[in-house]
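Heads up, the thing below is written out as structure tokens.
The values are calculated or read from the model by the stated rules, or taken from the named source; none is laboratory data. The model shown is predicted, which means the values in this text are computed figures rather than measured ones. Cβ: placed from backbone, ideal geometry, glycine included. Neighbour counts: every protein chain shown.
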Amino acid sequence: MSVYTHKKTSNGHAHKGLKANKRRAAFYDLDGTLVDLNLVHAAVFTLANVGEWTGRVSYLIGFAARIPRLYIAEQRDRRLLNTVLFEAFKGLSRDRLFSLGEEYCERILVSHLYPRAVELIEANREAGIEPVLVTGSPDFIVAPLARHLGISDFAANRFVFSRGRATGRLAEPVMAGDDKAVWCADYAAAHDIDLADCWGYADSHYDTAFLAALGHPVAVNPDRRLRAAALSRQWPVLHFEKAVDSAPPDDFDNHRELNHDAEQSTRGTNGAA
Amino acid sequence: MARPEGKLKELKTAELRNEIGARSDLVVRVNRRSERRIIPYGEEFLFEKLPVGTRVIYPPPPMDPLADPDQAIRYALLHPENQDPLFAQLSPNMRVTIAIDDISLPLPQMRRPDIRERLLNQVLQTLADYGVDDVHLVIATSLHRRMTEAEIRRVVGERAFKQYWPDRLYNFDAENRAELAMLGKTEHGEEVWLSRRAAESDLLIYLNINLVPMDGGHKSVAVGLAPYQSLRHHHNVGTLRDSHSYMDPTRSALHRSSDRMGKLIHKSVRIFQIETAVNTRMYGGMLDFLHKNEDHFSDWDRTRLKGFQWTLRNMSSEMRRTMLHNYAAPYGMIGVWSGDTEAVHQKALARVFQQYAVPVKGQADILIVGVPYVCPYNVNSIMNPVLVQCTGLGYLFNMYRNKPLVREGGTMIICHPLRDEFHPEHHPSYIEFFHRCLAETTDAVELEKTFEREFARNPTYIHMYRYGNAYHGVHPFYMWYWGEPARQHVGRVIAAGCEEPEVAARLGWEAADTLDEAIAMATSELGRSASITYLHLPPLVIADVE
């Protein structure tokens, strides 16, 4: 399974009310839901920062050649989009990818987090609803962001590596569409959580199945088709607005430091721990 | 209440026109030759034959509006009740907060200029004349949804909007802990919380519109600028069950509680209350036939009604909703008073009753009401089933003084299509309340005990309330409690014209395809001699039931 578990942060927030003893989780999509960026932005950043300039040019040309396929894939299937997009990473070293992921998160991603989204994650956490990221973004980008947000568990796409280099293929399950819902169900079963008590936040119509699997789906900044689905299925609709100041918060390094130990101890754990 | 008939005879014709009980044509009996009656039916209007003998109660005709509202406001500010004139209370460098009734009043929204705009222009001018700069304008939303920028602009007018929006003109936020202050507890142990800005102001000015007698008074500040921590003391099942009715403040535990809170607030905050009353001119121009007794319809009235029905029936629901909510009522201001809250409210109440009250003899076995497209909580939004329940059982049932229009154990017939339809941005917690909580129980006490706190503290609902345009998570509970006195009183509720019987069942109601079927269902139990009363809307009417 595509899950990394940093550390089991003890659930010290007893949920008062109807389901006092039940564990609950909130599953968040990332791109477009918590941040105002998409997967393509992360891909372009990564490819534009690999190795020497000759390498960058060749990767970017390769990426540009894929744009028609990416467009068609986007229209048809999110899984296909992920597959086509990540083929462009073939040949990149694991170390380089993970260091670029850290850099992308620090320089770009954190400053593009919706401030209200971070507030909501914290409010949910205080109410005893543990956050979990479920995203199609690659793990080398999601891991540092999860650390920054203090989120222990996440599901992200993972590359298949051969001799330390990306093969351009994604490890199963590919985090897109229905597979997100399946992953949530497995995660809930492993953690003794009832999905009916869980919240889900996503922005794309490709996430309809993911949201439908949860008891409390919320459409966040929904695209046209998800908005229509939300209206017909009576899902609440939430809007996050972009941060006015795009400078990264000062405490990024502190967050990273605080969560560093946890990451070292459990990184790479497979399966819904 | 109405004056004795002997007293009425002593009055001159001009005085008599607006006297409660002076008009005998407001309560009519349906006979064989009677015309069909207009009945609000969600976003449409029915035109239905009522059984012979049915009593129809019509609202009093609109009182003449004040000839010069601006002059009347000026006079009120200069001649307040039990307080110095506004200008005499001002000094430079003082901190002033102006609280304003939100979009829930009046209904439908009124034509521009809104009364609040007129009031604001004069109050702000007075403040400016006396060098008061530290002025904030707060929309007193309490747990209602935030008004949008366009809605606020429409209500306060261009002048105030341009000068104060957005830094000094904003919606009250009942979940911003830093902006709330606890003022103490009443002798009944009720915690009194208030907007910190208002509590720390040298002068709090409240601008109110009284559409019905439930509005205004201490309730304006004690509810409009208060958070859940305060509201839970009176917006609860016990208090609302002890309110007979909401429209009669002297017999309403809800009002007694908010009065206690208001008095406590008065001890620490200087309040200058400005209350206004509007007449019953809800529809004008091409729609003025909606106010008429159908027996007096001309051919032109019938043609307009048919045309209106046809138009509404053939529009898409979105277009129909937009058209109806964009309609602005030509309400006229029939009074304005300022000064001490209680003294002002007494005068406003007297005028409101003068406009809305109709003496009615005796209760009925069956009460028919039509729920219209709008209630205080769905302006520019969808009337969902929980709000239909609130409007039917909460508001329309409570349109009485002394005794309910329907006898204890009687039947209420509520005309509405009752669709399983919710606005996902305005009413997110209503969706869960309807599909999860009501699926488990319709018992208000059980709902209050089991679910209320969970919804009130739900982070997503709080987030949507604070930063979106959602009603607070706890709001659907209040809507349900609002119908509690009616649920305790009536024996049976039938939804006439119900399109989705499962929705009616979820509310604990029975469903009937048509009004005729609903009446047949009611009379099958109560007998064919059962008395029927139809409360004619629009506009609004308050029955003084003997």
Are any of the residues in segment B:296-303 touching an Asp or Glu at 6+ places or on another chain (Cβ under 7 Å) and touching a residue at least 24 places away in the same chain (Cβ under 8 Å)?
-> yes
How many residues are under 20 Å from A:Arg78 (Cβ atoms) and at the interface with chain B (Cβ under 9 Å from one of its Cβ atoms) when one looks only at segment A:208-232?
-> 4
Close pairs (6 angstrom Cβ cut-off, 6 or more residues apart or separate chains): over 17 Å from B:Ile57 (Cα atoms) in segment B:27-46, at pLDDT 95 or above and of a type in the set (D, E, K, R) anywhere = B:Glu43/B:Arg320
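Matching residues to (1) without any contact (Cβ under 8 Å) to a residue 60 or more places away in the chain; (2) under 21 Å from A:Tyr201 (Cβ atoms); (3) in the same structural domain as B:Thr533 (by TED's automatic domain parsing):
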| position | (1), (2), (3) |
| --- | --- |
| B:His426 | no, yes, yes |
| B:Tyr430 | yes, yes, yes |
| B:Leu447 | yes, no, yes |
| B:Met464 | yes, yes, yes |
| B:Tyr467 | yes, yes, yes |
| B:Ala470 | no, yes, yes |
Within segment B:198-231, residues being surrounded by 20 or more Cβ atoms within 10 Å (Cβ to Cβ) and among the charged types (D, E, K, R) number 2
Filter segment B:444-459 down to residues that are among the aliphatic types (A, V, I, L, M) and buried (at least 18 other Cβ atoms within 10 Å of the Cβ) and give me whichever is nearest to the other protein chains (Cβ to nearest Cβ).
-> B:Ala456
Within segment B:467-506, residues closer than 18 Å to B:Met383 by Cβ and hydroxyl-bearing (Ser, Thr, Tyr) come out as B:Tyr471, B:Tyr478
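Okay, residues lined up against (1) surrounded by fewer than 24 Cβ atoms within 10 Å (Cβ to Cβ); (2) within 14 Å of chain A (Cβ to nearest Cβ); (3) over 20 Å from B:His234 (Cβ atoms); (4) charged (D, E, K, R):
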{"site": "B:Pro417", "(1), (2), (3), (4)": "yes, no, yes, no"}
{"site": "B:Glu421", "(1), (2), (3), (4)": "yes, yes, yes, yes"}
{"site": "B:Tyr430", "(1), (2), (3), (4)": "no, yes, yes, no"}
{"site": "B:Leu438", "(1), (2), (3), (4)": "yes, yes, yes, no"}
Just one of the numbered conditions (1) of a type outside the set (D, E, K, R); (2) within 10 Å of chain A (Cβ to nearest Cβ); (3) touching a helix residue (DSSP H, G or I) at 6+ places or on another chain (Cβ under 6 Å) is not true of B:Gly468; which one?
-> (3)
On the given criteria, is B:His244 in contact with a Lys or Arg (Cβ under 7 Å, 6 or more places away or on another chain) and farther than 30 Å from B:Pro85 by Cα?
-> yes
Taking the residues in segment B:406-415 that are out of contact with any Pro (no Cβ under 8 Å at 6 or more places or on another chain) and crowded, with 18+ Cβ neighbours inside 10 Å as candidates, determine which candidate is farthest from the other protein chains (Cβ to nearest Cβ).
-> B:Arg407
Filter result (in a loop (DSSP other than H, G, I, E, B) and aliphatic (A, V, I, L, M)) within segment B:52-71 | B:Val52, B:Met63, B:Leu66, B:Ala67
Would you pick out the residues in segment B:254-301 that are among the aliphatic types (A, V, I, L, M) and outside any helix (DSSP H, G or I)?
-> B:Val269, B:Ile271, B:Ile274, B:Ala277, B:Val278, B:Met282
Please list, ordered by first then second residue, the pairs with beta carbon atoms under 9 Å, 6 or more apart or interchain, first in segment A:161-172 and more than 12 Å from A:Leu92 (Cα to Cα), second part of a strand (DSSP E or B) and not hydrophobic (A, V, I, L, M, F, W, C).
-> A:Leu170/A:Pro138; A:Leu170/A:Asn157; A:Ala171/A:Asn157
Would it be correct to say that B:Trp193 is touching a Lys or Arg at 6+ places or on another chain (Cβ under 9 Å) and either at pLDDT 95 or above or surrounded by 15 or more Cβ atoms within 10 Å (Cβ to Cβ) (or both)?
-> no
Do we have any residue at all in segment A:63-72 that's of a type in the set (Phe, Trp, Tyr), over 28 Å from A:Tyr187 (Cα atoms), more than 14 Å from chain B (Cβ to nearest Cβ) and out of contact with any strand residue (DSSP E or B) (no Cβ under 7 Å at 6 or more places or on another chain)?
-> yes
Please name all residue pairs, on different chains or six or more residues apart, with Cβ atoms under 7 Å, provided the first residue is in segment B:180-206 and is assigned by TED's automatic domain parsing to the domain that holds B:His255 and under 19 Å from B:Ile100 (Cβ atoms) and the second residue is among the charged types (D, E, K, R) and in a helix (DSSP H, G or I).
-> B:Leu180/B:Arg196; B:Ser195/B:Glu179; B:Arg196/B:Glu179; B:Arg197/B:Glu179
Look at segment B:477-499 and say how many of its residues are within 20 Å of B:Tyr41 (Cα to Cα) and hydroxyl-bearing (Ser, Thr, Tyr).
-> 0
B:Ser230 fails exactly one of the following numbered conditions: (1) in contact (Cβ under 8 Å) with a residue 60 or more places away in the chain; (2) touching a Leu at 6+ places or on another chain (Cβ under 9 Å); (3) not in a loop (DSSP other than H, G, I, E, B); (4) not charged (D, E, K, R). What is the number of that condition?
-> (1)
